[in-house]
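Read the structure below first, then the notes.
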Amino acid sequence: MLAPLALLLAALSLALAVWSLVGALRAARPSGGQLLLAAVLEAAILVQAVIATALVVGGTRPLSTATFAGYLLTIVVLLPAGVFWGLADRSRWGNGVLAVTAVTTAVLVLRLEQIWNG
Amino acid sequence: MRPALRSGPGRLLVAVYAVFALSASARALVQIATDFSAAPLAYLLSALAAAVYVVATVALVRSSERSRRVALVSVTVELVGVLTVGLLSVEDPVAFPDATVWSGFGAGYGYVPLVLPVLGLWWLRSQRPRRAV
């Protein structure tokens with residue numbers, strides 16, 4: 001796990017959360033910009049997941065590898081699932097779903113770092 | 001019935017319920033698989049909480065009249081559960097050496113477990129089917 005990349009992931013998730021929350025409050029549907037941000041975030045998550053997997057396979061492991069793997073798998077699939085579920089609703093509530101997904105992603109980034117560092 | 005249970009605010013509710021279904025299930029699974037004897041009561045309650053969240057999520061997504069009743073029951077159980085476990089964990093911490101999702105009224109999860117069933121009941125109530133006259 002690269003710490004700077006984790007920091008970037010947290011920043012991007014929070015940015016997406018704030019953007020979506022503002023959108024929901026303004027009764028807007030999710031915009032193209034938000035989807036682009038979500039795509040960049042997911043790409044960065046995948047890079048981090050590949051790095052983490054390579055490290056684990058190479059022998060650098062967190063204390064609780066099973067829990068770590070569970071969180072890693074969750075964070076990889078969460079954002080696409082949230083975007084899919086949120087976009088099906090073309091109203092402010094789609095933005096609400098994106099906000100919840102982004103906040104959850106930020107929490108998962110934090111938990112992954114905690115577990116990785118023991 | 002129209003699939004109204006999962007549209008609008010319902011869509012957001014389903015998203016939050018799905019997150020809790022996943023995290024509560026994972027937590028219960030790890031607790032029970034790794035060290036069940038350490039806190040059997042807390043871990044069984046974790047499993048109960050997980051089951052309740054899963055049932056509520058599925059019922060909201062299905063959005064039929066029958067599943068609305070299922071959702072109503074599971075969300076009510078959830079509210080009773082979070083209040084009971086919350087109270088017990090504060091009154092008698094010895095019985096809860098390890099945390100469940102509902103410990104301390106869901107303090108470990110930003111009190112979302114306490115707010116969620118209230119929102120759920122409000123949503124289900126506002127979506128009651130109207131009888132044709």
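Return the residues of the range B:34-44 that are part of a helix (DSSP H, G or I), more than 10 Å from chain A (Cβ to nearest Cβ) and not acidic (Asp, Glu); say none if nothing qualifies.
Within the range B:34-44, B:PHE36, B:SER37, B:ALA38, B:PRO40, B:LEU41, B:ALA42, B:TYR43, B:LEU44 qualify.
Can you name every residue in the range A:1-14 that is in a helix (DSSP H, G or I) and either of a type in the set (Lys, Arg) or in contact (Cβ under 8 Å) with a residue 24 or more places away in the chain (or both)?
Passing the criteria: A:ALA3, A:LEU5, A:ALA6, A:LEU8, A:LEU9, A:ALA10, A:LEU12, A:SER13, A:LEU14.
Just for the range B:1-32: of the residues that are within 9 Å of another protein chain (Cβ to nearest Cβ) and hydroxyl-bearing (Ser, Thr, Tyr), which one is surrounded by the most Cβ atoms within 10 Å (Cβ to Cβ)?
Ranking the qualifying residues of the range B:1-32, first place goes to B:SER23.
I need the full set of residues from the range A:86-118 which are acidic (Asp, Glu) and more than 15 Å from A:LEU35 (Cα to Cα), in order please.
Passing the criteria: only A:GLU113.
When both residues are 6+ apart or on different chains and their Cβ atoms are under 6 Å apart, which pairs have a first residue that lies in the range B:23-40 and is charged (D, E, K, R), and a second that is buried (at least 20 other Cβ atoms within 10 Å of the Cβ) and in a helix (DSSP H, G or I)?
B:ARG27/B:SER46
Are any of the residues in the range B:21-33 part of a helix (DSSP H, G or I) and touching a Leu at 6+ places or on another chain (Cβ under 7 Å)?
No, the range B:21-33 contains no residue that is part of a helix (DSSP H, G or I) and touching a Leu at 6+ places or on another chain (Cβ under 7 Å).
Can you tell me which residue among A:LEU55, A:LEU79, A:LEU63 is surrounded by 20 or more Cβ atoms within 10 Å (Cβ to Cβ) and either in contact (Cβ under 8 Å) with a residue 40 or more places away in the chain or touching a strand residue (DSSP E or B) at 6+ places or on another chain (Cβ under 7 Å) (or both)?
Checking each option against the conditions leaves just A:LEU79.
Mind listing just one residue for me: the one in the range A:82-116 that is more than 12 Å from chain B (Cβ to nearest Cβ) and touching a residue at least 40 places away in the same chain (Cβ under 8 Å) and, of those, farthest from the chain's Cα centre (by Cα)?
Going through the qualifying residues, I end up with A:TRP116.
Values quoted throughout were computed directly from the atomic coordinates according to the rules given, and no laboratory measurement underlies them. Everything quoted here is computed from the prediction, not taken from an experiment. Positions of Cβ are backbone-derived with ideal geometry, glycine not excepted, and every protein chain shown enters the neighbour counts.
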